[in-house]
Structure formats: structure tokens, C-alpha cells
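Down below is the structure, laid out as C-alpha cells.
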Amino acid sequence: MDKKKINAVVAAAVLAGSSAIFNAGADTAKKYKGDIDLDGSVSARDVMIYKHCLTKTAYLEDEDVEIADINEDGVINVYDEILAKRIAMGIIDPIKIKAENPDPPSKITISDMPSEYQYAADWIWQNRVVAEQSTVRRNTIFDQIIAGNGTLNYVVKWQSYKTVTLEQRRAFETMLENAVNDWTDWLVGYENWPYDHVDVKVVGWAVIDRNVMQDLQPDEIVYDTTTPYDSSFDTSNGVEEIPNVVADPPAELSRMEHFSDPNYEYPGGLDKRFDMCMWATQGFPSIGGCGGDWGQRLSDNAYLSMIDGTGLHVLEHELGHGFGMTDFYGGEGEKGGFPPGGFPGGENSLMMAGSAMKITDFDGWELRYFWSKIKDEDGRFPSLQNQ
Ligand SMILES: [Zn+2]
């Protein structure tokens, strides 16, 4: 079926009597995910087209798939429709599709940092990051991405008896990739950061019950050997029990266990290693979690609800710790606290829990500042030395 036919189906069903809805002359530099009718915005009309496609009363052409597959999981399904609806309602921001040959990003350096950010950025670096040595260990997410040549691999540690569909598992991978790139997009074109995009893959699942994996595919790797888990120090959500077992992926594939040995070879090659775990625990409170260079731990429900884009900032906060960022639980100017005068830019910081619901401009610059500080450390990033 060609575009005119979709047009006809949709126009007949939705906009009886209306003229053509496809804007053939649309500016391709302004393509947005979900804007199937190419009118420059995602609207109720696009959501209706999804409904028609999902009920097979309309079909998409190959060239429309990139636009329609909002979560980039390779299929057009109800998750894309939900995302389109949320964009149309203004709950999440429209996602711009990159032009085929984008202009090379302009060279940004630390000297471009807004001057009002300088004091707070310096204060945080000296009083928090250096004092707490949070970027010293050469296994920050910066280190992981560079060692992986622009890739980041995860194992999902599913400490839960809730079943997970194939669609949900694919959506988790997309969700992780989006959250990581929401941070690393700040590094694109910045000083000598070498990547335009970080490819994030789930390379295995560590489960406490193999039956949770619905519609298991032959290429999916599952680890299901459990060990006892003592939850007596965990806070429960008061409704569910925290499982008394956990499964761990093999240590020989863990970067965490081997990053200090530059000559270590992962069995099966670099692609088989995993850098971090997405650790989901049943019975955890739905708010709060923890994160580090080992991964991010939240409740299973928190992760499941993020599939449609809700609460992604919670995961992004925990990812911030993986880059060496600190929490700001203490008071103004205090040890463990936030910079005197507060955060510049008027948006606070995602790392001060509860004060911001997204990576703020200041957070983005803080990430860049960290990179500027560690990138030239002796022997830390040998692959960048010749650039
Ligand atoms: Zn935190």
C-alpha cells in the first residue's frame, strides 16, 4: 500500500472530507519520531495512524519505519503508539531524527562553559569529587565506553518473579541506550570525546527463575544459578517480599572484575563482556535506588514503568553516579553538601534528588568538566593519545 492509500484510509476514517494529510514538501531537516504524516509535529492524527497500522487497516512504507519506530526496537507496536500519544500530549519532548549528513558538531571546549557555572563547578570538583575520589577508579562510565570502543554492555539482573515479555526485554535495551545517551549527548563534539553515539546492548539476563523469560529466543543468554540473598538490610515496599536469592552473571565476563588489568582477555572477545548490571529487585520501594560503576539498582516495578518513558530521570540520576557524580544530601557549602549559592542556571541538579526531573544544563556541563579533568590522566585513555 502506498502513501496515498494510507492517506485515503486515514483521511476517510479520521478526517472525512479533509484534503491530503501528507506534506510531500516537508522539510526533511525537521523530521520527528512519530510524525508519520510529516506535518512537523506529533499530533492526535499521528496517534490515529498508529491505531490503523496496529489494527492492520493501514500499512507503512519502509521509509516511514524510521519515523514510526519511536523506541527503535525494530518493530512498530503499541509501545510506539503510547510514546506517540505522550509526545502529542506534551508529556515527553518530541524526538528529532538526525539528518543523514549532519554538519559536524562545532568544537565545544571547557572555555565555552557559561561563566556563572564556573564557581559551582570548581567547588563541586574540589570539595566533593576530589575529596571523595569519585572519578579516581578507572572504571567510570567514561572508562567503560572508551574501553568498549563506543559501546556499553549490560547484564540485566532480574531479582524478581515477575515475567518479562520479549517486547519488554527489547524495550529495556532501548531504555538503557536512551538514558546513557541523554548524558553522553553532552559530550558529542566536546573536546576530544570520540563518539557521536554510544551503542548500548543487553548481553545477558541473570534470573532467579528461568520461567520469567517469556518467548525466550535462541540468541538470548540466560544465567539462572542462584545464590542466597540476605534482604534483612534492605527497605521493603511493605507489599511484596524481597526474594531471598539472586543470580549473578559470570565474573570472567565482568569488566568490573578486570578493568585494572589492561591485558585481560574476555572469553569469546570484548563483545561478550558486560560493563554494568541493570539490577531490578522485587519488593523494593518504587522510589529510590542506588548506582555506581557496577550498575543501577531499582525496583522491578520502577524499571517496568520506565518502558514508556515515565521516570527515566531516576535511572539517569543513578547513571550519574557511574560517571563519578555525587549526591548532594548535605547543606549549602557543607561537607557532603551543595555549592555555596546553590546551582547556577535556575534548574538545580538531577544529582540533588528531588530538585530536578531531568539532566539540567548545569549537569551537562558538570559531565563535560569531569571529562576535561580526567581525559589527559597519565595512561588512563591510551587510545586517545594520538588524536
Ligand atoms: Zn544518588
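The values are calculated or read from the model by the stated rules, or taken from the named source; none is laboratory data. Being a predicted model, the structure only gives us computed values, none of them experimental. Here the Cβ positions follow ideal geometry from the backbone for every residue, glycine too, while neighbour counts run over all protein chains shown.
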**Request:** Could you tell me whether any residue of the stretch 264-277 is within 16 Å of the ligand (Cβ to nearest atom) and either within 18 Å of residue 206 (Cβ to Cβ) or outside the structural domain of residue 319 (by TED's automatic domain parsing) (or both)?
**Result:** yes
**Request:** Please specify each residue of the stretch 65-74 satisfying the condition of being surrounded by fewer than 19 Cβ atoms within 10 Å (Cβ to Cβ) and free of Cβ contacts under 8 Å to residues at least 60 places away in the same chain.
**Result:** 65, 66
**Asked** So which of 380, 368 ends up being in a loop (DSSP other than H, G, I, E, B) and modelled with pLDDT of 95 or more?
**Response** 380
**Test for residue 73: is it in a loop (DSSP other than H, G, I, E, B), modelled with pLDDT of 85 or more and of a type in the set (D, E, K, R)** = no
**Asked** Between a first residue in the stretch 146-158 that is surrounded by 23 or more Cβ atoms within 10 Å (Cβ to Cβ) and a second residue that is of a type in the set (Ser, Thr, Tyr), which pairs have beta carbons less than 8 Å apart while being 6 or more apart in sequence or on different chains?
**Response** 155/223
**Asked** Does residue 302 satisfy the condition of being touching a Ser or Thr at 6+ places or on another chain (Cβ under 8 Å) and among the hydrophobic types (A, V, I, L, M, F, W, C)?
**Response** yes
**Prompt:** Under the condition of being in a strand (DSSP E or B) and more than 13 Å from the ligand (Cβ to nearest atom), which residue from the stretch 286-307 is surrounded by the most Cβ atoms within 10 Å (Cβ to Cβ)?
**Reply:** 299
**Prompt:** What strands (runs of 3 or more DSSP E) lie completely within the stretch 194-283 and have 2 or more residues being at pLDDT 95 or above and crowded, with 17+ Cβ neighbours inside 10 Å?
**Reply:** 199-207, 245-247, 276-281
**Asked** Can you find even one residue in the stretch 250-273 that is within 16 Å of residue 158 (Cα to Cα) and in contact with a Phe, Trp or Tyr (Cβ under 6 Å, 6 or more places away or on another chain)?
**Response** no
**Fill in**
Of the residues in the stretch 320-329, those that are part of a helix (DSSP H, G or I) and more than 8 Å from the ligand (Cβ to nearest atom) number 1
**the stretch 166-193, residues that are of a type in the set (A, V, I, L, M, F, W, C) and crowded, with 18+ Cβ neighbours inside 10 Å** = 171, 172, 175, 176, 179, 180, 183, 186, 187, 193
**Item:** Residues (touching a Ser or Thr at 6+ places or on another chain (Cβ under 9 Å), surrounded by fewer than 19 Cβ atoms within 10 Å (Cβ to Cβ) and of a type in the set (Gly, Ala, Ser)) located in the stretch 347-371
**Value:** 355, 356
**Item:** Hey, residue 345 closer than 14 Å to residue 116 by Cα, touching a helix residue (DSSP H, G or I) at 6+ places or on another chain (Cβ under 9 Å), assigned to a loop (DSSP other than H, G, I, E, B) and assigned by TED's automatic domain parsing to the domain that holds residue 126 or not
**Value:** yes
**Complete:** Across (1) loosely packed, with under 13 Cβ neighbours inside 10 Å; (2) of a type outside the set (A, V, I, L, M, F, W, C); (3) on the phi < 0 side of the Ramachandran plot, residue 337 clears everything bar (1)
**Request:** Would you be able to say whether some residue in the stretch 351-369 is within 16 Å of the ligand (Cβ to nearest atom) and of a type in the set (Asp, Glu)?
**Result:** yes
**Item:** Criterion violated by residue 60 - all others in (1) in a loop (DSSP other than H, G, I, E, B); (2) at pLDDT 85 or above; (3) surrounded by 18 or more Cβ atoms within 10 Å (Cβ to Cβ) satisfied
**Value:** (2)
**Asked** If we scan the stretch 312-319, do we find a residue that is over 12 Å from the mean Cα position of the chain (by Cα) and more than 11 Å from the ligand (Cβ to nearest atom)?
**Response** no
**Fill in**
The residue from 308, 361 that alone is in the same structural domain as residue 188 (by TED's automatic domain parsing), modelled with pLDDT under 95 and of a type in the set (Asp, Glu) is 308
**Asked** Does the stretch 353-377 hold any residues that are closer than 12 Å to residue 120 by Cβ and over 19 Å from the mean Cα position of the chain (by Cα), and which are they?
**Response** 369
**Prompt:** When you look at residue 142, is it assigned to a helix (DSSP H, G or I), within 19 Å of the chain's Cα centre (by Cα) and closer than 26 Å to residue 308 by Cβ, yes or no?
**Reply:** no
